[in-house]
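Worksheet: the structure to be examined is printed underneath.
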Amino acid sequence: MITLVLCSGCLNGRHDPNLSIGEQIKTRHYDHNAKDFGKNELLDEILAASYEQDSDRILELFSDHALEEDENLEDEITLYLESFPEDIDELYNRGCSEFGSHNRGSSEYFYLYQPVVWIKCDNGDVYLLEVIWIEGDSENPERQGIHSIQLISMKAYEDNDHTIHREDDRPGVYVYE
């Protein structure tokens, strides 16, 4: 009997063991042939920090641009952590959209990724965790890193009540109940 396991996802990036995950995701000029650090590891880092209620660890992942533009980022992370489900049953449909060049609002990014994972809770509640990660922007290197994190309840997702910040491309952390 032959068992084939196929792992897919966004596994590109450069790994430097001397850098924190936050510093790694802000490093420019990724080696797209490397497999050591990538979008799955980014989701793992966000999920681990969320489970552990570690706001500093999440804050470190954000781009310099997000840190400068969103003066309420620490409060938003606190609200996100308070809203993050404690009774997780399973994670599923984990994936990542990749845009080689993408326009958002009035900005154009060289590499923009959207890692996502669905979270099912013991009580049946379902959430979508969605991240906007700007991996490369040669004209604006301060934008490299996490741009936004969204925690979206199934109700908000079905009501399409989770895209407000995309219209003006604001960085931050968003919780949609």
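Looking at Leu112, is it closer than 12 Å to Ile134 by Cα, surrounded by 16 or more Cβ atoms within 10 Å (Cβ to Cβ) and modelled with pLDDT under 85? So Leu112 fits the description; yes.
So that you can scan it fast, the table gives a plain yes or no per residue for (1) modelled with pLDDT of 90 or more; (2) polar (S, T, N, Q); (3) more than 20 Å from Pro171 (Cβ to Cβ):
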| site | (1), (2), (3) |
| --- | --- |
| Thr3 | no, yes, yes |
| Leu6 | no, no, yes |
| Asp16 | no, no, yes |
| Gln24 | no, yes, no |
| Phe37 | no, no, yes |
| Ser50 | yes, yes, no |
| Glu68 | yes, no, no |
| Ile77 | yes, no, no |
| Asp87 | yes, no, yes |
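Within the stretch 153-171, the set of residues being buried (at least 19 other Cβ atoms within 10 Å of the Cβ) and either within 18 Å of Leu42 (Cα to Cα) or at pLDDT below 75 (or both) comprises His162, Pro171.
The values are calculated or read from the model by the stated rules, or taken from the named source; none is laboratory data. What you see is a predicted model, and the numbers here were worked out from it, not measured in a lab. Here the Cβ is made from the backbone with ideal geometry for all residues, glycine too, and neighbour counts use every protein chain on show.
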